[in-house]
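A short write-up of the structure that comes next.
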């Protein structure tokens, strides 16, 4: 799988199906995706089942005893448990349940923003995403990375 990058305007239809842009479908190279809560808790993420199972959830579920660790238990409940495997239909659409669209302020019909983040794609309400971008200037984020290396 190639890196998932770029920003795409996408649309929900009247049945709650989200059309994935052709370029993104090609990059995903999958017939199914996993949808789960975003790490910032105001969007959804999607990734391939292979990445979800091996790379993403692997460190969280690193041992059969993971449930004994309080932080891992919380991550399992908040990220792994709500994850859903969703088929990409022949028209390149995925169905996102109404409860998830409502929780993350995604429209029942209308615009969404898809943001490639390397190995996942974030699904945002465009207005919520703009507010997120306005929170912290990129120069401050870059500076904090530089300071961590010293």
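Read-outs throughout are calculated quantities, based only on the coordinates presented, and are distinct from any laboratory measurement. Here the structure is a predicted model, which means the values were calculated and not measured. Don't worry about glycine lacking a Cβ; one is built from the backbone with ideal geometry, like all the others, and counts go over all protein chains shown.
The table below lists the values:
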quantity: Theoretical gain in end-to-end length, residue 11 to residue 89 [0.36 nm per residue, Cα-Cα removed]; calculated: 26.6 nm
quantity: Relative contact order (%) - the chain, alpha-carbon pairs under 8 angstrom, separation at least six; calculated: 35
quantity: Cα point-scatterer Debye curve for the stretch 7-149, base-10 log of I(q)/I(0) at q = 0.12, 0.13, 0.15, 0.17 Å⁻¹; calculated: -0.55, -0.64, -0.83, -1.02
quantity: Between the stretch 4-27 and the stretch 77-107, the Cα center-to-center distance that results, in Å; calculated: 13
quantity: Extension gain (nm, one decimal) between residue 76 and residue 2, 0.36 nm per residue minus Cα-Cα; calculated: 23.9 nm
quantity: Ranked list, fewest to most other Cβ atoms within 10 Å of each Cβ, for 26, 5; calculated: 26, 5
